[in-house]
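Colleague: Sending over a structure as structure tokens; questions will come in a sec.
The values are calculated or read from the model by the stated rules, or taken from the named source; none is laboratory data. Computed from a predicted structure; not experimentally measured. All Cβ positions, glycine included, derive from the backbone under ideal geometry; neighbour counts span all protein chains shown. The protein model used for the area step is the full one, side chains on, heavy atoms only, and it has no ligands, DNA or RNA in it. Shrake-Rupley method; radii C 1.70, N 1.55, O 1.52, S 1.80 Å.
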Amino acid sequence: QVHVVESGGGLVQPGGSLRLSCAASGFTFITYDMIWYRQAPGKERELVATITSSGSTNYADSVKGRFTISRDNAKNTAYLQMNSLKPGDTAVYYCKARRNWTSYWGQGTQVTVSS
């Protein structure tokens with residue numbers, strides 16, 4: 001059975017940091033690209049960062065230089081390190097595993113940036 005579970009969200013002050021985790025099971029993690037999305041209230045879901053199965057990374061312009069995506073294939077886990085957080089980063093963050101036309105989504109974790 002496939003599981004994709006995000007964790008690490010919470011309330012943080014502007015300028016602070018959080019590290020999100022995405023734990024996966026039930027599929028061959030190492031062969032999947034891992035992607036973080038976010039969705040703020042009243043807005044469409046947007047792609048935040050991608051790390052391919054080979055380790056290449058890509059970021060939305062809004063988070064470049066502040067967020068870092070990584071993966072630990074031995075732990076079947078992807079991460080999103082978020083630094084210099086802004087109120088505009090407030091959203092539910094989702095993790096997706098993707099290989100060709102197959103995708104698995106997590107349930108999301110809330111990140112709130114507020115003083």
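Colleague: In terms of Cα to Cα distance under 21 Å, which lysines are near enough to Lys64, apart from those fewer than 8 places away along the same chain?
Modeller: Straight-line reach from Lys64, under 21 Å: Lys43, Lys86, Lys96.
Colleague: Probe radius 1.4 Å, ligands and nucleic acids ignored: give me the carbon and sulfur share of the accessible area of the chain as a rounded percent. Before the final figure, lay out each step's value.
Modeller: Working: 2780 of 6100 Å².
C and S atoms contribute 46 percent here.
Colleague: I've got another one for you. Quote the charge dipole size of the chain about the Cα centre in Debye, to the nearest 20; the model charges only the Cβ of Lys and Arg (+1) and of Asp and Glu (-1). Walk me through the numbers before you get to the answer.
Modeller: Working: 12 positive and 7 negative charges, 12 e Å.
The calculated dipole for the chain is roughly 60 debye.
Colleague: Work out from phi, with θ = phi - 60° and the Karplus expression 6.51 cos²θ - 1.76 cosθ + 1.60, the ³J(HN,Hα) of each residue of region 91-96, listed in order in whole Hz, and give x for Gly and Pro.
Modeller: 4, 8, 9, 10, 10, 10
Colleague: Taking only protein heavy atoms into account and a 1.4 Å probe, give the accessible area per residue of the chain in Å². Walk me through the numbers on the way to the answer.
Modeller: Working: 6100 Å² over 115 residues.
Per residue, the chain has 53 Å² of solvent-accessible surface.
Colleague: Next question, about the same structure. Give the residue list of GluC sites (Glu not before Pro) in region 1-99 that are DSSP loop and have at most 12 other beta-carbon atoms within 10 angstrom.
Modeller: On the way: sites: Glu6, Glu44, Glu46; in loops: Glu44.
Answer by residue number: Glu44.
Colleague: Starting at the first residue of region 60-77, write each ³J(HN,Hα) from the Karplus equation 6.51 cos²θ - 1.76 cosθ + 1.60 with θ = phi - 60°, in whole Hz, x for Gly and Pro.
Modeller: Once rounded to whole Hz, the list reads 5, 4, 5, 10, 4, x, 10, 10, 9, 9, 8, 8, 10, 5, 5, 9, 6, 9.
Colleague: While we're on this one: Evaluate the distance, in nm, between pseudo-label points positioned 7 Å from the Cα of Ser7 and of Asn83 along their respective Cα→Cβ axes.
Modeller: For Ser7 paired with Asn83, the spin-label model returns 2.5 nm.
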